[in-house]
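Worksheet: one structure, shown below.
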Amino acid sequence: MKKKSYGFLASKNLNIECLGEVQMAGECRHYQNLLNKFSDDQFFREDEGKVGFFNGYAYNKADYGQTDGADWPEAFTRALAENAEDALLKLRGGFCGYLYDCNTKELLVYTDQIAVRPVYYYVDGDRWMVSDRVDDMVEVLKYNGLSVDFQPLAARYMLTYGYMIDDITFVRQIHRLLPGKYLRVGGGQTVVSRYHFIQDKPQIMSEAEAVERIDAAFREAVRREFEKDREYGYRHLVDLSGGLDSRMVSWVAHELGYTDQVNVTYCRDGYRDEKIARQIALHLGHEYLYKPLDDGKWMYDIDEMTSQNNGAALYMGMTGGRRLLELIDTTSFGMEHTGMIGDAVLGTLYRDKALSCGKPVFGQNAHSERLQYSFDEKILEEYPCQEMFGIYTRGMLGASSSYLIRQQYIETASPFMDVDLLDVAFSIPFDYRNHHHIYLRWLNEKYPQAAEFGWEKWGGVKPKESHIPFRMMKTAQRLLWQKFCAAARIENRDNMNPIDYWYERDAGIQKYFADYAADTMKHSVLDEELQRDIGLLLAKGSVEEKSLAVTVLAMVRKYF
């Protein structure tokens, strides 16, 4: 029998017995099969007519007082009931959950400030459902004989951006609670409110002050993450590559005394990303695991990836990371520590200041520009500038969607996505962050040994501003080599994940894509325009563009 995916689901006036064993608490039905890495942080409880559930982990449980002998679950539940916004604003960690008041019939649903832990909701009159698993929600809707309708806008998001840019899913009736928001359901109303937004307020400071602020906030963010592992007696599983972000996580953690690390890397065989990561791991004395991706088997995992990431982003986004986690005995580890979106936080998403600081626009950070759609401008009104639109959508809803997959095996965190580090980073003037200037200064001043290893992004040149001339020379050489390889139709090995090359040499994956499309392309839920656009990407698009089309087809096959 296939193992039930880790997750939870709660409902009112919906039968959820199709999922498995159900716990009853007043009118609330609750199902859970949790990863349970941090069992003393998680809770499901009923007390004084209130049903509370918390999933994930919290760094600062002690801040909730535990007055009158109350433990963490009781103290946090009381804080939520008294003032939900204050309670959530103060909490640090990766979490989601709900609070249902059996007396007032009111429901509160929440996610953390950056939605490390996702939560989705369905509301129809006096029926509601919340979960972190869209698959389970669809199963419940069908079991209760309720409508499950295709959302074509989700397909258009996927065929361009490669991820959702607002709260919709591929199922019209199901929505995602976005980062830093909470939901109230009661009295015939459904209201979504924001309790946290990144303080994007550049301040006047010297570069030296910026370096000190970054270092203090980053070290605290690292300490929080790794101390949570230590609290439960876990070892540390830490991503490592030839980039800067994961390097800084592993290096700073090591300096802080968290030396019992296992570093993991996955990329093409022989590429510098792995070579640099191996050098760093050996230098620090860490255990090291590497998985080459050249076998291409991960490209066949369409159904598994889209199921685990709830169709939130293109299925190829994580490449072989899921396969690596399948091979690791994760029972010894608490979190997978990543460098997620570090480049965008301590660097910039856009080098053009006018664009970055200007009014948000569509079209940036898309995976494909082959198709042109018009999207609702109201989406943009929520964000003060283009950079924040990019951080929240491309970063938290796009890149971080791999966390949804990883959380089937292990908890996840990145110091660069720490709430307080984000506020510090975006208080630093844009000109300091541009071109990685302050990032490189921080690295070289505070951790000079870490700068002695090459940077994959710079072609293996050391990440020092004094080495920029060498980097420019290396970049010119790489561009010439790319053009030569394209003209001569030979393999360019200067690529971390050459998916186009792997696809072209693997007749099996080509046939798999073709068969997948043939079975689903003419499905009735796809209108003529979508059928045409999907066909265009499959016929003329790059392999990444083909994967956007296949991701849409996977969601159609799965639910409709």
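The values are calculated or read from the model by the stated rules, or taken from the named source; none is laboratory data. Note that the structure is predicted; figures quoted are calculated from it, not measured. For neighbour counting, all protein chains shown are included, and Cβ atoms are generated from backbone atoms with ideal geometry for every residue, glycine included. The protein model used for the area step is the full one, side chains on, heavy atoms only, and it has no ligands, DNA or RNA in it. Shrake-Rupley method; radii C 1.70, N 1.55, O 1.52, S 1.80 Å.
Laid out as a table, the results:
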quantity: Carbon and sulfur %, accessible surface of the stretch 257-321 computed with the full protein complex present, 1.4 Å; calculated: 48 percent
quantity: Theoretical gain in end-to-end length, residue 381 to residue 457 [0.36 nm per residue, Cα-Cα removed]; calculated: 24.0 nm
quantity: Aspartates and glutamates with Cα under 20 Å of residue 201, excluding same-chain neighbours fewer than 8 positions away; calculated: 209, 212, 215, 343, 352, 381, 382, 387, 418, 420, 423, 431
quantity: Extension gain from residue 194 to residue 282, taking 0.36 nm per residue of separation minus the Cα-Cα distance; calculated: 27.2 nm
quantity: Cα→Cβ-extended label distance, 7 Å offset, between residue 361 and residue 62, nm; calculated: 5.0 nm
quantity: Net +/- balance of residues flanking residue 85 in space, Cβ distance below 13 Å, scoring K and R +1, D and E -1; calculated: +2
quantity: DSSP bridge pairs, the chain: antiparallel proportion in percent, nearest 5; calculated: 75 percent
quantity: Label-point gap, in nm, between residue 505 and residue 82 - each point 7 angstrom along Cα→Cβ; calculated: 6.4 nm
quantity: Charge tally in the Cβ shell below 11 Å around residue 324, where Lys, Arg are +1 and Asp, Glu are -1, residue 324 excluded; calculated: +1
quantity: Computed accessible area, residue 336, all protein chains, 1.4 angstrom probe, square angstrom; calculated: 10 Å²
quantity: Calculated from backbone phi, Karplus (6.51, -1.76, 1.60) coupling profile of the stretch 330-340 in Hz, x at Gly/Pro; calculated: 7, 5, 7, 10, x, 10, 9, 8, 10, x, 3
quantity: Ranked by how many other beta carbons lie within 10 Å on average, peptides 160-169, 179-188 from highest; calculated: 160-169, 179-188
quantity: Cα gyration tensor shape of the chain, rounded if a/c is under 1.5, else prolate or oblate by comparing a/b with b/c; calculated: oblate
quantity: Probe 1.4 Å, accessible area per residue of the chain, Å²; calculated: 40 Å²
quantity: For the stretch 230-339, diffusion coefficient by Stokes-Einstein and Kirkwood Rh (Cα), 20 °C, 1.002 mPa s, µm²/s; calculated: 145 µm²/s
quantity: Sequence-distant residues sharing a close amide H with residue 119 (under 5 Å, placed H); calculated: 177
quantity: Check: the chain dipole with +1 on Lys, Arg Cβ and -1 on Asp, Glu Cβ, in debye; calculated: 1480 debye
quantity: Ratio of Rg to Rh over the stretch 311-376 (Cα coordinates, Kirkwood Rh, two decimals); calculated: 1.09
quantity: Accessible-area value, residue 19, 1.4 Å probe, nucleic acids and ligands omitted, Å²; calculated: 10 Å²
quantity: FRET efficiency, residue 39 to residue 269 (Cβ-Cβ, R0 35 Å, nearest 0.05); calculated: 0.35
quantity: Per-residue SASA entry for residue 104, accessible area with 1.4 Å probe, Å² rounded to 10; calculated: 80 Å²
quantity: Residue pairs, from the table 37/275; 37/61; 359/540; 12/228, whose Cα atoms sit over 25 Å apart; calculated: 37/275; 359/540; 12/228
quantity: 17 Å reach of a label modelled at residue 235, 7 Å along Cα-to-Cβ, counting backbone N of the stretch 316-337; calculated: 324-337
quantity: Accessible surface of the stretch 173-224, 1.4 Å probe, proportion on carbon and sulfur as whole %; calculated: 50 percent
quantity: Peptide ranges 402-410, 198-206 listed from the most packed, as the mean C-beta count within 10 angstrom indicates; calculated: 402-410, 198-206
quantity: Apportionment of accessible area to carbon and sulfur, the stretch 337-398, percent (1.4 Å); calculated: 45 percent
quantity: Rounded, prolate or oblate (a/c below 1.5 giving rounded, otherwise prolate when a/b exceeds b/c) for the stretch 132-173 by Cα gyration tensor; calculated: prolate
